[in-house]
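In what follows, a single structure is set out as structure tokens and then discussed.
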Amino acid sequence: MTLTRKNGLLYLAILAGLIVLPSFISTKYYIHLSVLALIWVIVAQGQNLIQGFTGYVSIAQAGFMGIGAYGTALLGLNFGLPVWLTILSAPLITALFALVAGYPSLRVKGHYFAIVTLAFNMVIFIVLLNLTDLTNGEAGLMGIPKPGAGKDGAINFADRTTYYYFVLIAATGVTALTALIVNSRLGRVLVAIRQNETLVGAAGLAAWKYKLFAFVVSAMFAGFAGALYAHYQSFINPEIFTIAQSMDAVLAVILGGSGTITGPIIGAFAIVFLPEYLRFADSFRLVIYGLILILATIFMPRGIVGLASDALGLLKKRRAR
Amino acid sequence: MDLALDVRDLGKTFGGVKALDGLSFGIARGEVMGLIGPNGSGKSTTVNTLAGVFPATSGEIRLRGKPVHHLPEYARVQAGLTRTFQTASVFPEFTVREQVLLGAEPARTRRGVWSMLRSGARMEPELRGRLDEILQLTGLADLADTRIEEVSAADQRFLMIATALAADPAVILLDEPAAGMVSHERDRLSHLILALGARGHAVLVIEHHMSLIMKVCDRITVLNFGEKIAEGTPREIRSDQRVVDAYLGEAA
Ligand SMILES: Nc1ncnc2c1ncn2[C@@H]1O[C@H](COP(=O)(O)OP(=O)(O)OP(=O)(O)O)[C@@H](O)[C@H]1O
Ligand SMILES: [Mg+2]
């Protein structure tokens with residue numbers, strides 16, 4: 001019980017830090033990056049649900065972001081539906097696609113899943129690129145409206161800091177939902193699947209249903225994040241939704257700490273802010289990512305969160321002496 | 001007679017290899033049936049086919065009179081048939097109690113989908129009581145809150161049985177439960193198996209330890225090359241010439 005209370009305090013501290021963050025940032029660009037990082041928190045929480053808790057690595061989250069982003073944009077641009085409605089329908093549209101991709105690949109155990117999701121991401125990219133009548137191809141979609149009915153809305157979402165708080169509310173909600181899921185009976189089954197799927201079957205549970213649930217929820221988070229991104233940038237094109245970005249989600253979970261609630265939050269900020277400092281190495285991006293992945297797996301298998309809690313434990317032991 | 005498990009003419013082929021051929025037997029409520037035979041004779045295949053890990057090639061399986069051979073694995077558990085594995089199979093990061101609780105999950109899911117979002121640590125008081133009784137019975141009460149990876153290999157085997165019991169099965173299949181156990185652990189196991197029978201479960205136990213089998217079984221079925229070559233009381237089996245030739249000669 002003390003453990004959960006301690007965790008609760010940690011979550012509150014992180015939330016408080018994120019609430020005051022904008023007042024400490026004077027550069028607009030860093031506010032911009034923080035908005036992106038919060039959007040990636042939503043993606044990473046979903047990725048963690050399927051990868052960290054259930055043990056199945058999906059390499060399709062950017063594809064799902066694309067579905068959510070194009071979904072909300074097209075519904076708004078083509079049918080004039082209100083922004084709030086299109087944002088909320090984005091995860092539902094994404095869920096349908098995730099069901100189609102997940103059903104066949106999760107009926108079986110093992111590694112097909114990663115490959116199927118990777119292929120699925122490629123297909124999404126190719127479709128977005130070539131279905132030019134609908135998606136405008138490489139040129140992308142422009143003029144995606146902000147929520148709040150333009151400038152006359154009560155709250156001005158065109159303002160970066162305002163959008164920051166909007167996305168912070170969304171990321172907090174998604175994180176709370178994830179915590180609810182993983183601490184529930186259902187979450188225990190997901191963690192059991194990660195440890196020993198054969199035994200889950202022998203215990204009388206249809207593992208594939210639980211895996212599919214985790215995957216669809218993870219895709220819905222990504223779709224939601226994609227929609228938030230589209231309305232934030234007002235512009236999207238297929239290039240933003242490739243396998244490389246899906247790998248960012250994988251990396252965020254591993255770096256931050258897989259199978260924890262705080263891990264994806266830290267990981268998301270890491271994958272958004274680190275490349276800014278590694279900009280000189282842009283052409284080696286994949287090489288560096290590979291290197292980070294390998295090093296992280298060897299030296300901090302439980303991510304930054306695991307490293308921090310080990311360090312804390314060591315400090316406590318010393319003080320106890 | 002009222003059979004808890006009724007197996008008729010069960011067959012299983014793996015790409016042309018007949019692992020099981022026309023196997024029939026029945027186990028009554030409260031009865032302990034032994035299943036013995038040389039390595040590769042089809043004992044584990046029997047368990048896996050009964051449990052629904054893979055479909056039978058032919059034959060019928062009835063649980064308390066109801067056919068289950070068309071059902072997937074998880075549905076057979078819900079219908080009242082559970083099993084353990086020949087090699088220890090556990091959730092290493094869970095505590096002993098958490099794993100046993102998961103074994104009870106199928107009985108709970110029928111309370112509705114939304115209840116799956118309730119806290120994973122909370123249990124109904126009567127369920128907690130039932131799990132405590134199972135932990136007591138299997139000798140794991142003191143280890144209830146220990147992480148499984150820190151539990152001895154023998155206790156992990158008892159834990160598999162506890163997990164299989166949590167679903168409150170009519171039939172429980174034990175695949176070489178004594179593997180790797182030393183003598184006093186085997187004694188503890190014999191007591192448990194006898195207690196399972198006394199609790200009214202129908203038990204199928206596969207073993208190579210003949211003294212254990214002879215002690216706990218009401219009847220024994222003998223397999224050789226996927227076919228049943230004998231069935232009878234321990235005394236009858238010990239003196240059956242075909243069984244001695246095929247199996248006991250080498251094991252004894
Ligand atoms: N999944 C499988 N695929 C192909 N062949 C299999 C499979 N499982 C078992 N077999 C074959 O079926 C036969 C029976 O194997 P099984 O494991 O049932 O024997 P067993 O009686 O349990 O032996 P042991 O005492 O060594 O555990 C063997 O020839 C084995 O190679
Ligand atoms: Mg075997």
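The values are calculated or read from the model by the stated rules, or taken from the named source; none is laboratory data. This is a predicted model, so every value here is computed, not measured. Positions of Cβ are backbone-derived with ideal geometry, glycine not excepted, and every protein chain shown enters the neighbour counts. Quick note on the areas: whole protein, heavy atoms, side chains included, nothing else; ligands and nucleic acids left out. Shrake-Rupley method; radii C 1.70, N 1.55, O 1.52, S 1.80 Å.
Once you've got the GNM for chain A with C-alpha springs shorter than 10 Å, pick whichever of A:263, A:226, A:306 has the biggest mean-square fluctuation.
Comparing A:263, A:226, A:306 in the GNM, the peak value goes to A:306.
Which percentage, to the nearest 5, of the DSSP beta bridges contained in the protein assembly as shown is antiparallel?
60
Can you pull out the GluC sites (Glu not before Pro) in segment B:18-97 that DSSP calls coil and that have at most 16 other Cβ atoms within 10 Å?
B:93
What percent of all Cα-Cα pairs in chain B falls into each 5 Å bin, going from 0 up to the bin containing the maximum distance?
Once binned at 5 Å, the Cα pair distances of chain B give 1, 6, 14, 17, 19, 17, 12, 8, 4, 1, 1, 0.
Using the crude model of +1 on Lys and Arg Cβ and -1 on Asp and Glu Cβ, and no other charge, please compute the dipole size for segment B:90-168 relative to its Cα centre, in debye to 20.
With Lys and Arg at +1 and Asp and Glu at -1, about 400 debye.
Once the Cα atoms of helix B:96-109 and of chain B are each reduced to a long axis, what angle between those two axes, in degrees from 0 to 90 to the nearest 10, is obtained?
Computed tilt is about 90 degrees.
Tell me, what % of the accessible area of the protein assembly as shown is carbon and sulfur with a 1.4 angstrom probe?
62
With Cβ to Cβ distances under 14 Å as the rule, what net charge do the other residues near residue A:189 carry (K, R +1; D, E -1)?
Local charge sum for residue A:189: +3.
Check residue A:59: other-chain or 5+ apart residues with amide H under 5 Å from its amide H, H built from backbone geometry?
Sorted by chain and number, the residues that satisfy this are A:117, A:118.
Mind grabbing the base-10 log of I(q)/I(0) for segment B:90-168 at q = 0.12, 0.15, 0.26 Å⁻¹? Debye formula, identical points on the C-alpha positions, no solvent, two decimal places.
Listed by q, the Debye log ratios stand at -0.31, -0.48, -1.27.
List the DSSP H helices in chain A whose Cα atoms stretch 18 Å or more along the helix axis and whose mean Kyte-Doolittle hydropathy is at least 1.0.
A:2-24, A:28-47, A:83-106, A:112-130, A:160-182, A:243-256, A:262-277, A:285-299
Run the simple label-point estimate for residue B:244 and residue A:28 please: 7 Å along Cα→C-beta, distance reported in nm.
Each label point lies 7 Å from its Cα, and together they span 9.7 nm.
Please find, in a Gaussian network model of chain A (springs between Cα atoms separated by less than 10 Å), the residue of A:161, A:94, A:260 whose mean-square fluctuation is greatest.
A:161
Quick one: dipole size for chain A, taken about the Cα centre, charges +1 on Lys/Arg Cβ and -1 on Asp/Glu Cβ, in debye to the nearest 20.
Value, rounded to 20: 1500 debye.
Assuming a ≥ b ≥ c are the square roots of the Cα gyration tensor eigenvalues, decide whether chain A counts as rounded (a/c under 1.5), prolate (otherwise, with a/b larger than b/c) or oblate.
It is oblate, given that a/c is not under 1.5 and a/b is not larger than b/c.
Give me the percent relative contact order of segment A:31-242, please, defined on Cα pairs under 8 angstrom at least 6 residues apart.
Relative contact order of segment A:31-242: 46 percent.
Quickly estimate the mean residue ellipticity at 222 nm for chain A, helices only: each DSSP H run with n ≥ 4 gives -39500 (n - 2.57), and the total goes over all residues, rounded to 500.
Value at 222 nm, helices only, nearest 500: -25000 deg cm²/dmol.
Starting from segment B:87-176, pick out the trypsin sites (Lys or Arg not before Pro) whose DSSP state is loop and whose Cβ has at most 12 other Cβ atoms within 10 Å.
Those satisfying the criteria are B:110, B:111, B:122.
Give the aspartates and glutamates whose C-alpha is closer than 16 Å to that of residue A:146, dropping any in the same chain fewer than 8 places away, or say none.
List returned: A:159.
Only Cα pairs under 8 Å and at least 6 apart count here; give the relative contact order of chain B as a rounded whole percent.
Relative contact order of chain B: 28 percent.
Could you work out the mean projected area of the convex hull around the alpha carbons of segment A:120-196, in square nanometres to one decimal?
Taking a quarter of the hull surface, the average projection is 8.9 nm².
With everything on Cα atoms, drop me the angle between helix B:125-137 and the longest principal axis of chain B, reported from 0 to 90° to the nearest 10.
40
How big is the protein assembly as shown by Rg and Dmax over its Cα atoms, in Å?
28.3, 96
Please give the FRET efficiency for residue B:87 paired with residue A:283, using the beta carbon to beta carbon distance and R0 = 41 Å, rounded to the nearest 0.05.
So, using R0 = 41 Å, E works out to roughly 0.25.
Test of understanding: in a Gaussian network model of chain A with alpha carbons linked when under 10 Å, which of A:99, A:36, A:21 would top the mean-square fluctuation ranking?
The residue that fluctuates most here is A:21.
Once you charge only the Cβ atoms, +1 for Lys and Arg and -1 for Asp and Glu, what is the size of the charge dipole of the protein assembly as shown about its Cα centre, to the nearest 20 debye?
The calculation lands at about 1160 debye.
Given H placed on each backbone N at 1.01 Å, which residues far from residue B:64 in sequence or on other chains put an amide H within less than 5 Å of it?
B:5, B:6
How high is the relative contact order of segment B:90-168, given as a whole-number percent (alpha carbon pairs under 8 Å, six or more residues apart)?
Averaging sequence separation for qualifying contacts and normalising by length gives 56 percent for segment B:90-168.
Can you list, bin by bin at 5 Å, the percent of alpha carbon pairs in segment B:140-245, starting at 0?
Going from the shortest bin to the longest, the percentages are 2, 11, 21, 21, 18, 14, 6, 4, 2, 0.
List every residue whose amide H lies under 5 Å from the amide H of residue B:35, counting only residues 5 or more places away in sequence or on a different chain, with H placed 1.01 Å from N in the peptide plane.
It is B:205, B:206, B:207, B:221, by chain and number.
Any lysines with Cα under 30 Å of the residue A:109 Cα? List them, leaving off those in the same chain fewer than 8 positions away.
A:209, A:211, B:12, B:18, B:43, B:66
Got a number for the accessible area of residue A:262? Probe 1.4 Å, square angstrom, nearest 10.
My reading of the accessible area for residue A:262 is about 10 Å².
If we count every other residue with Cβ under 14 angstrom of residue A:231's Cβ, Lys/Arg +1 and Asp/Glu -1, where does the sum land?
+1
Would you calculate the separation in nanometres between label points at residue A:180 and residue A:107, each defined as 7 Å from the Cα along the Cα-to-beta-carbon direction?
3.2
What is the distance in Å between the Cα centroid of segment A:71-110 and that of segment B:158-222?
Measuring centre to centre over Cα atoms gives 51 Å.
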